[in-house]
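**Student:** Here it is, the structure in full.
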Amino acid sequence: MTTNTATDVMSRRDAFYRELQPHAMAALWTRLRKLIPSEPTPAGEAHCWSYGTTRPYLMESATLISAEEAERRVLLMENPGLPGSSRITNTMYAGLQLILPGEVAPAHRHTQSALRFIIEGSGAYTAVDGEKTYMEPGDFVITPAWTWHHHGHDGDTPMVWLDGLDIPVVSFFNGGFREEFESEASPVTRPVGDALARYGTGLMPVGHRSSTMNSPVFNYPYARTREALFALPRAGAPDPHTGYLMRYTNPVDGGWAMPTIATMIRLLPSGFATLPYRATDSTVFVCVEGGGHVMVSNRRIDFAPHDVFVVPGWCRYTLHASQDLVLFAYSDRVAQEKLGLFREQRF
Ligand code: GTQ
């Protein structure tokens, strides 16, 4: 009598899989397709946080808690497709931080890298590793991993910026460390503008040796960025898939400005629409000026200045400018490139 019927085989296999469990083993062939997919499944959803919605909640938060008590008074933006994760994409965190005149967000440091992209207000500063920089709308500011930093506000209107951090990346490697400084403010040892003068004008001190993987320029003022962007159309047509897309660079080596977060800014002239494009990096966008919409698969998402929207990796999308449109963007592209994982597709 044969025992080799198909159902016998199946139930013997199931029994075998159960036997493996207590020994902390499993059969690869039951999981192979999931472990080694033929292509990425987009993580999370395309979504837009309109500033008209987020700003009133941010202002209300200031009636509930001070920057000091909160340590950082931030409303984080969580991808609706990744509930409970505190992530805006699979690898990136995003929050809107509010600081009022006279407040201080106390000094600390952590192994997560942070960027600030300034949304509104003026007169607030961030102090990073001994240097203060005052922030203006559209400025891109870096807080490198493990540098002491605090924020303060010498102006007279609320100041809001976007925080972008690589929290999920650091968490993946279980490499998170944090320390609070012994007082509210960490010492400021260099004058305002020092880094920009030394490293941000096309000059560099002779003999400069980098001690970090971050750009020594830690504030990229929008006034300069904007001037560069709007000069580009004079020299030729935009790239059909990306528009006039520029990356923030580290002047020491010409690479990306930060080791784990790729930061970019682009101009799409009024009426311009990109051809369909996708890449393996999930991307967070901030509408800086102008307006338009993004088509992600068949979904249309309209955006206006100060809105934040996200496009998951490997989703095909097109960008449409209804007026001259400036978009800031960040993603894990720099990390993917270093690991040989980055792929893009132009249609
Ligand atoms: O300003 O240091 O949004 O440590 C989240 C964590 C901001 C900051 C955030 C942080 C900060």
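**Student:** Nearest 500 deg cm²/dmol is fine: what mean residue ellipticity at 222 nm does the chain get from its DSSP H runs of n ≥ 4 alone, each adding -39,500 (n - 2.57), divided by its residue count?
**Tutor:** It lands at -4500 deg cm²/dmol.
**Student:** Oh, and also: At 0.36 nm per residue, and after removing the present C-alpha to C-alpha distance, how many nm does the segment from Thr157 to Leu76 gain when stretched out fully?
**Tutor:** Working: separation 81, 0.36 × 81 = 29.16 nm, distance 2.15 nm.
Gain in length upon complete extension: 27.0 nm.
**Student:** DSSP loop (so not H, G, I, E, B), at most 10 other Cβ within 10 Å: list which GluC sites (Glu not before Pro) in segment 166-196 pass both filters. Walk me through the numbers before you get to the answer.
**Tutor:** Details: sites: Glu179, Glu180, Glu182, Glu184; in loops: Glu182, Glu184.
Of the GluC sites (Glu not before Pro), the ones in loops of segment 166-196 whose Cβ has at most 10 other Cβ atoms within 10 Å are Glu182.
**Student:** Give me the extension gain from Val206 to Ala6: residue separation times 0.36 nm, minus the current Cα-Cα distance, reported in nm with one decimal. Mind dumping the intermediate values first?
**Tutor:** Values: separation 200, 0.36 × 200 = 72.00 nm, distance 7.52 nm.
Once the chain is fully extended between Val206 and Ala6, it gains 64.5 nm.
**Student:** Can you put His108, His208 in order of Cβ neighbours within 10 angstrom, beginning with the fewest?
**Tutor:** Details: His108 15, His208 12.
By the 10 Å Cβ count, ascending, the order reads His208, His108.
**Student:** What does DSSP give for segment 109-209 in terms of the percent of beta bridges that are antiparallel, rounded to the nearest 5?
**Tutor:** 95
**Student:** Using only the C-alpha atoms of segment 90-208, find the volume of their convex hull and express it per residue in Å³.
**Tutor:** On the way: hull volume 14.8 nm³, N = 119.
Hull volume normalised by residue count: 124 Å³.
**Student:** What dipole magnitude, in Debye to the nearest 20, does segment 1-73 give about its Cα centre under +1 on Lys/Arg Cβ and -1 on Asp/Glu Cβ?
**Tutor:** 360
**Student:** A follow-up question, please. Can you sort His306, His320 by how many other beta carbons sit within 10 Å, fewest first? Show your work: numbers first, answer last.
**Tutor:** Values: His306 21, His320 17.
Going from least to most buried by this count: His320, His306.
**Student:** If R0 is 22 Å, what FRET efficiency do you get for Ser86 and Phe177 from their C-beta distance, rounded to 0.05?
**Tutor:** Numbers: r = 18 Å, r/R0 = 0.81.
Once rounded, the FRET efficiency stands at 0.75.
**Student:** Further, regarding this structure: Taking amide H positions as placed 1.01 Å from N in the peptide plane, with prolines and chain starts having none, which residues 5 or more places from Ala114, or on another chain, fall under 5 Å of its amide H?
**Tutor:** HN-HN under 5 Å from Ala114: Thr143, Ala145.
**Student:** Roughly how many debye, to the nearest 20, is the charge dipole of the chain about its Cα centre, given +1 on each Lys and Arg Cβ, -1 on each Asp and Glu Cβ, and no other charges?
**Tutor:** 1480
A short reminder: the numbers here are calculations on the coordinates, not readings from a lab. Just so it is clear, the structure is predicted and the values come from calculations on it, not from any experiment. For neighbour counting, all protein chains shown are included, and Cβ atoms are generated from backbone atoms with ideal geometry for every residue, glycine included.
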